[in-house]
């Protein structure tokens, strides 16, 4: 394992984030803070508790995941698409780097960015609403697993798209709607039976449920099944990335 090369890619990606700190950190935190102001403080004070959990606290896990999932995909997709677009991908592919080391560099940087963003959002949320984490280890593990899985998805997106305008299609038109409809702002028990059944086909429902269980020790599904589902999704992404490097599909712009 060439750790020096992994560190070089990782350091380059992190340096780019520092240069664009307003876009990569400040903007998502500010957007999430507005959600807490509107839904947590303004609307939440007028809503009944959901399963003995104040509404403002109830939405903390969902809003955190909303930012983490979208930013994980965006960061990883942009990170690998930029060298494809500029032609620097030729230097990366000709360097003594294995596909695993390339993935570790780009995906690792995207994961760290997402985890820093999650920490900033959770700190910001504490200013607006009170909450406690019932299972800190599981909360960290689930959050890390989500960041890794969706960073891998973003890496696939960055390898497959053929234009800048298509980079945000998955985060904006797929991940965001699924997260909003995945129980981030409500419990599935509040929905009519038909919509509850439809929601079961939304994969983000299980991620939000697992993360909320780690916070409040309440769940609508088996949290271990939720984690198993997430591990399965990660495995699928790993297989797809491996196939892309094996065939060379879309590695060049």
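The values are calculated or read from the model by the stated rules, or taken from the named source; none is laboratory data. As the structure is a prediction and not an experimental result, all values here were calculated from the model. Heads up, the Cβs are rebuilt from the backbone with ideal geometry, glycines too, and the neighbour counts pull from every protein chain shown.
Annotations
- Residue pairs meeting the criteria (Cβ under 8 Å; at least 6 apart or on separate chains; first over 17 Å from residue 102 (Cα atoms), in the range 4-19; second part of a helix (DSSP H, G or I) and modelled with pLDDT under 85): 17/24; 17/25
- Which listed residue is crowded, with 18+ Cβ neighbours inside 10 Å, at pLDDT 90 or above and within 24 Å of residue 223 (Cα to Cα), from 156, 142: 142
- If you filter the range 183-197 down to residues that are farther than 21 Å from residue 228 by Cα and out of contact with any strand residue (DSSP E or B) (no Cβ under 8 Å at 6 or more places or on another chain), you find that the one that is surrounded by the most Cβ atoms within 10 Å (Cβ to Cβ) is 185.
- Filter result for the condition that a residue is in contact (Cβ under 8 Å) with a residue 60 or more places away in the chain, part of a helix (DSSP H, G or I) and over 30 Å from residue 83 (Cβ atoms), over 208, 225: 208
- Cβ-Cβ under 8 Å pairs, at least 6 apart or on other chains, the range 129-140 side within 7 Å of residue 214 (Cα to Cα), far side modelled with pLDDT under 95 and surrounded by fewer than 16 Cβ atoms within 10 Å (Cβ to Cβ): 134/217; 135/217
- Helices (runs of 4 or more DSSP H) wholly inside the range 6-107 containing at least 2 residues that are under 19 Å from the mean Cα position of the chain (by Cα), crowded, with 18+ Cβ neighbours inside 10 Å and at pLDDT 80 or above: 27-35, 60-86
- Within the range 191-205, the residues that satisfy the criterion of being touching a helix residue (DSSP H, G or I) at 6+ places or on another chain (Cβ under 9 Å) and either part of a helix (DSSP H, G or I) or more than 21 Å from residue 39 (Cα to Cα) (or both) are 195, 196, 199, 200, 202, 203, 204, 205.
- Only one of 245, 185 that is at pLDDT below 90 and in a helix (DSSP H, G or I): 245
- Within the range 148-186, being in contact with a helix residue (DSSP H, G or I) (Cβ under 8 Å, 6 or more places away or on another chain) and under 26 Å from residue 55 (Cβ atoms) holds for 175, 176, 178, 179, 180, 181, 182, 183, 184, 185.
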